[in-house]
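Data block below; observations after.
Please treat every number below as a calculation from the coordinates, not as lab data. All values derive from a computational prediction rather than experimental measurement. Glycine gets a Cβ as well: all are built from the backbone with ideal geometry, and neighbour counts include every protein chain shown.
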Amino acid sequence: MPGGKRGLVAPQNTFLENIVRRSSETSFLLGNAQIVEWPVVYSNDGFCKLSGFHRAEVMQKSSTCSFMYGELTDKKTRDKVRETFDNYESNCFEVLLYRKNRAPVWFYMQVAPIRNENDKVVLFLCTFKDITVFKQPIEDESTSGWSKFARLTRALTHNNRNTSHHTTPQQLTPMSSHEVSQPKQSRLAEVLQLGSDILPQYKQEAPKTPPHIILHYCTFKTTWDWVILVLTFYTAIMVPYNVSFKTKQNNIVWLVLDSVVDVIFLVDIVLNFHTTFVGPGGEVISDPKLIRMNYLKTWFVIDLLSCLPYDIINAFENVDEGISSLFSSLKVVRLLRLGRVARKLDHYLEYGAAVLVLLVCVFGLVAHWLACIWYSIGDYEVIDEVTNTIKTDSWLYQLAINLGSPYCYNASGSGQWEGGPGKDSLYITSLYFTMTSLTTIGFGNIAPTTDGEKIFSVAMMMVGSLLYATIFGNVTTIFQQMYANTNRYHEMLNNVRDFLKLYQVPNGLSERVMDYIVSTWSMSKGIDTEKVLSICPKDMRADICVHLNRKVFNEHPAFRLASDGCLRSLAGEFQTIHCAPGDLIFHAGESVDTLCFVVSGSLEVIQDDEVIAILGKGDVFGDVFWKETTLAHACANVRALTYCDLHVIKREALLKVLEFYTAFANSFSRNLILTCNLRKRVIFRKISDVKKEEEERQRQKNEVQLTIPQDHPVRKLFQKFKQQKELQRNQGASSQLDLEKNQLQVEHHLHPIPHRLQNGAPPTGCSSSVLTVSQVTPMQSSPAMGEPPPVRLKVSSSPALVKPPAARGWGRLKNVAAPPPVVRKEGLNNVAKAVSVEMLSQQGRGQEAGLRGGEGEDNRLHKTDSCDSGITKSELRIDRAGEAPLPHPFGPIPEQALQAALQETRLELRGDLQTLGGRLGALEKQVAQIFKLLTSTEKRRPSLPLAATPKTKTKRQDIFTVSRPVSPDLVDDDGHI
């Protein structure tokens, strides 16, 4: 397929692979430069062996290796290391650190900042080298006496094993960084010493090649391959022709052309040493050493033999005939260049039209070769060497007779037969015979006569029948059987393209989808693994699954104690996932239901837009299902940096196997250490946030404090506002307390009501009333059950005091707790009803109590508890017993009386609603009459004078003042307007 032959060329972040490749013999770790304390996001196996810590234990620790500090670690060196990290600088140190077993070791530490595409430092690369053998022995209790001597001996032995020169005890002195790097320096150390300009960057980029390496899919190489393909066909046609017809290249044009072709093929050999190729895993190989080794092992010898200049040697006149024939025969070696045709045309084998053209070309090329062989046999047998006579039954003799150019014997000259048909006629006739034989037509005008010709004809017929049947008879079968996977591949690609076009998927996402499909197909070759496994029996399927997951089982110590049956059960539950660069394996917030093992590639774990871990080969991430009972939510995103192969197992399947194999479950839970647990959220602070807080704190510290004197007008104004607010708050609190104590009285001042109003008729004159209601709380004695307390209503229209009749049902409840009326505005008329709550003085309450019960002012009652149901609950309490005895005993309202009161209230409310409806209907009729009157007036007076007299104005105003009530604000206490 085109994508597979081109290779995996999508932009990848190959930073980790580059570092690992350059530092195969170096111990290093990577730290995040944008998080406080620069936590470790990756450590290679060399550092884990050197420090004694597991990779999971090192993750999220400080990149300064503060967790390895001890008593003998120099404080100045600590400060220098921290200063280097703070300033994002490159530096190197000799520092004493402690392994996991607390053994002190001298390290040569190098720090280098790693930048991204925006030239921002995102990572720190720290390399470590053990230089204990080059330092003075560390003096402590364990290195005294014979232990000290044994330690020195081990150091000398280790130094002799790793260096080419012998080290004496006098050499165990502090050395410079240059001397430390001399014994065995890796490529990574050289890169670090050259500077940060050539350090790899942490970014996604297309596969880079060295300057002298050519990409196999670039435009220049593609054009060159087509030129080589054409020249290869030229060679495949001309070499058999020249050998069979014995054409000496006396023509200088053909000689120069063949020489140019040979030179081009020699140049192609040189270019092949500098051209990338696609590896077995689909990756593009650009390493010059690997390219050279691959070409030398495959096509170099064949290409070299086909490029030797045989034509130049054969062109000399004085060359012996035998040698000339030998070199002419060696030209056939150039047919090995057809291997190039197979290599180039392999890119287009999946296309039907290209395959058909290729098969036709192959058929024609075979016919050409057979024609050259047919002529060679006829030319060899046309003359009888024993009698030196020509055979008259030969097809060459018959052709010469038919063309009128017979053979002639030159007795006076060379003594050989001369003449005969021309070479063009001979070649065309030979090709005609081979084509008729290959296609099984055979007209018979040219027929074999000698034994050699007959044998060759039989062989040619067999080959021809096979070619004919294969090429022309079974083309459809060939496509169906040989290119079934290719058809499925193209069908899948077409479906994906149609889907992306139908739903208008963005171009960036479309490219990612297409690249993932191509890369997945290149890895699986279109083979459905599940379908193949379903064909195999259970035992064979388990063995295949164990083989497919062998990398996981062999590399992780958690599976070492698993039995064969346990491994077979686990292998059947594992799944292989291929991820493209940029794919998200886990999104933050989604459920973590799989345990993932990284087999190849690299991934990054991102939390709050910061990289907290970089995962590589051998790492494990997910959740500890065997220790947690709930399903976890992912706290971070896991994104692929390169093409990755992951082996994953579902939570339910893993727990099922662990539940069955209890012995293995204990070993598995103890030995499997997650490199990144997505359940646990990493707590960190960004350096940028810390700097912002520090800047804000410094800015507030440097601000000038403004002081205002006590007698400043602004300060006095604010104090006055504050006092007013406190006074209002205190008044509100006191009024609320008074309301809670029920020390308000209800005072109803009632003015005389006109006679028509009492009878239910509407009033004739314009009037307005102000109703003032006050709540009555203190009661000396409970009156009779049906007798309500006296209420005074104050109406502005009359100064007389009228005692209303006793109310029943609904009226009783309205008198006890009358809700404040709502002020409504209708057109230009405002009918206002003001409700005010008046606080009665202690003297007024005493007088009212005297009117009701006949007691004096000294009989003051306060709130106490009551045993009633709440409606007639008393809020009075006798301060001193015996001073004011109650004339009537107090008792709760019976339930039947309460129900009767509620029933009367319901009936009265219904009647009031009916009355209100009637009044609203009458009001609507009056409004309709007013509109009718206004309409008739306008019709009678179509035009009004510009200046109206006062009398006219008065009449006009009378129309609009009909039934218009007077505003309450315009009426005084005596009822005058």
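Tabulated data for the structure shown
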| read-out | value |
| --- | --- |
| Segment Thr486-Phe245, extension gain: residue separation times 0.36 nm, minus the distance between their alpha carbons | 82.4 nm |
| Highest to lowest packing among 374-384, 641-651, scored as the average C-beta count within 10 Å | 641-651, 374-384 |
| Potential lengthening between Leu584 and Arg685 on full extension [0.36 nm per residue; Cα-Cα distance subtracted] | 33.9 nm |
| Pairs beyond 27 Å (Cα-Cα), from Lys75/Lys701; Lys80/Lys617; Lys61/Lys686; Lys61/Lys701; Lys100/Lys656; Lys525/Lys551 | Lys75/Lys701; Lys80/Lys617; Lys61/Lys701; Lys100/Lys656 |
| Built amide H within the under 5 Å cut-off of Leu641, gap 5+ | Gly582, Ser602, Leu603, Glu604 |
| Val927 versus Thr529: modelled label distance in nm, points set 7 Å from Cα along the beta carbon direction | 8.3 |
| Value of Rg to Rh for region 454-598 (Rh from inverse mean 1/r over Cα pairs, i.e. Kirkwood) | 1.16 |
| Efficiency of FRET between Thr223 and Asn91 - r from beta-carbon atoms, R0 51 angstrom, step 0.05 | 0.55 |
| Residue list for region 545-585, given a label point 7 angstrom along the Cα-to-Cβ vector of Val648 and an amide N cut-off under 15 Å | 573-585 |
| Theoretical gain in end-to-end length, Met540 to Thr298 [0.36 nm per residue, Cα-Cα removed] | 83.6 nm |
| Value in Å of the Kirkwood radius, where region 381-520 supplies the Cα pairs that are averaged | 20.5 |
| Cα→Cβ-extended label distance, 7 Å offset, between Lys120 and Arg906, nm | 7.5 |
| Within region 365-401: backbone nitrogen closer than 17 Å to the Ala447 label point (7 Å, Cα to C-beta) | 392-399 |
| Per-pair calculated FRET efficiency, R0 = 25 Å: Leu502 and Thr576 via Cβ, rounded to 0.05 | 0.25 |
| Protection-proxy order for peptides 584-594, 925-935, 435-445, each taking the mean of Cβ atoms within 10 Å per residue, highest first | 584-594, 435-445, 925-935 |
| Rounded FRET efficiency, nearest 0.05, which uses the C-beta distance separating Val263 from Arg670 and R0 of 60 Å | 0.30 |
| Kirkwood Rh in Å, taken over region 551-677 so that all alpha-carbon pairs contribute | 14.9 |
| Asp424-Gln719 pseudo-label distance in nm [points 7 Å out on the Cα-to-Cβ vector] | 12.7 |
| Ordering of 911-918, 116-123 by packing [mean C-beta count within 10 Å, highest first] | 116-123, 911-918 |
